[in-house]
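J.: Below: one structure in structure tokens.
The values are calculated or read from the model by the stated rules, or taken from the named source; none is laboratory data. It should be emphasised that the depicted structure is a prediction, and the values quoted were computed from it without experimental measurement. All Cβ positions, even for glycine, are placed from backbone atoms using ideal geometry, and neighbour counts span all protein chains on display. Calculation scope for accessible area: heavy atoms of the full protein, side chains included, ligands and nucleic acids excluded. Shrake-Rupley method; radii C 1.70, N 1.55, O 1.52, S 1.80 Å.
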Amino acid sequence: ELVPSIMSNMLNPDAIFSNNEMSLSDIEIYGFDYDYTLVFYSKHLHTLIFNAARDLLINEHRVKYDYDPNFAIRGLHYDVHRALLMKIDAFHYIQLGTVYRGLSVVPDEEVIAMYDGSHVPLEQMSDFYGKSSQGNTMKQFMDIFSLPEMTLLSCVNEYFLKNNIDYEPVHLYKDVKDSIRDVHIKGIMYRAIEADIEKYICYAEQTRAVLAKLADHGKKMFLITNSPSSFVDKGMKFIVGKDWRDLFDVVIVQAEKPSFFNDKRRPFRKVNERGVLLWDKIHKLQKGQIYKQGNLYEFLKLTGWRGSKVLYFGDHIYSDLADLTLKHGWRTGAIIPELRSEIKIMNTEKYIQTMTWLQTLTGLLEHMQVHRDPESQMILEEWKKERKEMREMNRNFFNAQFGSLFRTDENPTYFLRRLSRFADIYMASLSCLLNYELDYTFYPRRTPLQHELPGWSDQLCTGTFRIPFLQETVQIK
């Protein structure tokens, strides 16, 4: 009886979701990252990155593994010293059943023995930008481009394990990281995309429509990206048009974010039409020009674009958004492409049925645990077993290995914790902006705190609503 009422209020995959109240009427300047913000790539790109990095990495051992696009999800942590890939929640607890050595899951008992439980201490976690540094054993993968890296790490680990090859996990991690970096730094990825742009870039008129809408309303716009000039130019001509630069007041390439937001020393350099760097001292950031490097402090000085009248969109929560919201007071928008597919799953009847029963079962366990007689304890153990099975079923709706990007069972993931802190709003793509007027105010939903939960929530958990299958269950007790 509950399922139809829940399904009548399904989530909109093209909605914009708010962590912090924000009115678009206050926004005068819109800024954008390039990769996975203005432009989206096809599934072929991750296969290209995986194969190119694999071939750069492997000399002595010919690893024959192919890229599996369904293996990893964003936001996972990698234990550099133990060569383990895992999912961690907002409270630094490992989600058991999601710890992988190579391509095989590690038994819960082994995980608990290794970590003296399932908690990862703060001093072992990655640094502010998700990197593994001295004293940190964990690296968090927050970038969409990191999906091939996680898969390559797991595949090479699997190869060494299956062939009984003794190896140092720290060396393997560094070499895989370097090979992925080289695919970008050496231009392998850029050249491949430019050579077959229709294969790798998902053409969408919505990007131009969004930019045109903002321009029609007199909004200032700028682009700050780590990608090189010719690569951005060809991509933007493909998805927006030859006149794409006319839409932007400032264009900055090879910005080297997140250093761009913190390093005050690097001046801007102008790039001419042939991609040559000029020596001109930059006194003003001019429309129609392309600039390289620079830093945010100089950018603020030259433009005067400060504070909450600026809204910047990016897909990397750390490199794109964290410094802007913490240090500079800009408003921030996170582009989370996975959001659309996850919401579509959450709207299915099967998912809603599973989640409704899982929540009810949890409530029954909470309220019935006071009964200590043998018969009651036997039923409680059966419910616990069923609850575990339902949790695994719920995880498989999203990703068979790691589940949802946003949840570890009941808790938010570490990824969602950072998203909630650093992004005022988040959405699947910039096209979602087309569904809103530019004076729209985003209000975050008031999520009840645990001590604020209304009475009806407890009623649902204990099954006191008039639902036949719940009444039957309670009558067993």
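J.: So if I take the alpha carbon set of segment 194-285, get Rg, then get Rh from the Kirkwood formula, what is the Rg over Rh ratio?
T.: Reported Rg/Rh (Cα atoms, Kirkwood Rh): 0.98.
J.: In segment 84-197, what is the volume of the convex hull around the alpha carbon atoms, normalised per residue and reported in Å³?
T.: Taking the convex hull of the Cα positions in segment 84-197, it is 141 Å³ per residue.
J.: Taking 37 °C and 0.692 mPa s as the conditions, I'd like the Stokes-Einstein D for segment 148-192 in µm²/s, using the Kirkwood hydrodynamic radius from alpha carbon pairs.
T.: Here the translational diffusion coefficient equals 288 µm²/s.
J.: If you don't mind, another one. Can you tell me the orientation of helix 205-216 relative to the chain, as the angle in degrees between its alpha-carbon axis and the longest Cα principal axis, to the nearest 10?
T.: For 205-216 against the chain, the angle is about 60 degrees.
J.: Ignoring ligands, DNA and RNA, what percent of the accessible area of segment 58-194 is carbon or sulfur (1.4 Å)?
T.: C and S atoms contribute 51 percent here.
J.: What is the Cα radius of gyration of the chain over 2.2 N^0.38 Å, N being its residue count?
T.: It is 1.08.
J.: Continuing with the same structure: Could you name the aspartates and glutamates whose alpha carbon sits less than 20 Å from that of Lys327, not counting residues in the same chain fewer than 8 places away?
T.: Within the straight-line limit of under 20 Å, Lys327 reaches these aspartates and glutamates: Glu21, Asp26, Glu28, Asp33, Asp127, Glu256, Asp263, Glu298, Asp315, Asp424.
J.: Stretched out fully, how many nm does the piece from Lys234 to Ser341 gain, at 0.36 nm a residue minus the Cα gap?
T.: That works out to 35.7 nm of additional length.
J.: Take every Cα-Cα distance within segment 308-444, group them into 5 Å bins from 0 onward, and report for each bin the whole-number percent of pairs it holds.
T.: All Cα pairs considered, the percentages come to 2, 8, 15, 16, 14, 12, 10, 8, 6, 4, 3, 1, 0.
J.: Counting heavy atoms of the protein chains only and a 1.4 Å probe, report the per residue accessible area for the chain as a whole number of Å².
T.: With all protein chains present, the chain gives 48 Å² per residue.
J.: Run the simple label-point estimate for Ala400 and Lys287 please: 7 Å along Cα→C-beta, distance reported in nm.
T.: 5.3 nm
J.: Give, as ranges by residue number, the residues of segment 102-120 whose backbone N falls under 17 Å from the point 7 Å along Cα→Cβ of Asp68.
T.: Under 17 Å, as judged by backbone N against the label point of Asp68, lie 102-107 of segment 102-120.
J.: Compute the length gained on full extension between Ser259 and Asp26: take 0.36 nm times their separation in residues and subtract their Cα-Cα distance, giving the result in nm to one decimal.
T.: This chain segment gains 81.1 nm when fully extended.
J.: Let me ask another. Of Lys344/Lys384; Lys131/Lys257; Lys139/Lys174; Lys199/Lys237; Lys87/Lys139, which ones are farther than 19 Å apart at the Cα?
T.: Lys344/Lys384
J.: Amide H neighbours of Met221 under 5 Å, counting only residues 5+ apart in sequence or on other chains, H built in-plane at 1.01 Å?
T.: When sequence neighbours closer than 5 places are left aside, the close amide H contacts are Tyr30, Asp249, Val250.
J.: Related question: Rounded to the nearest 0.05, what FRET efficiency do Ser42 and Arg181 have when you use their Cβ-Cβ distance and R0 = 25 Å?
T.: 0.70
J.: With the dipole of segment 58-194 worked out from charges on the C-beta (+1 for Lys and Arg, -1 for Asp and Glu) around the Cα centre, which of Asn157, Leu84, Thr137 lies farthest toward the positive end?
T.: Going by the charge dipole, the pick is Asn157.
J.: Quick check: Cα centre of segment 313-370 to Cα centre of segment 79-122, how many Å?
T.: Centre-to-centre distance over Cα atoms comes out at 21 Å.
J.: Taking R0 as 60 Å, what's the FRET efficiency between Asp216 and Asp55 from their Cβ-Cβ distance, rounded to 0.05?
T.: Result of the calculation: an efficiency of 0.80.
J.: Sticking with this one: Test of understanding: what is the full-extension gain from Arg191 to Lys301, defined as 0.36 nm times their sequence separation minus their Cα-Cα distance?
T.: Residue separation times 0.36 nm, minus the Cα-Cα distance, leaves 36.1 nm.
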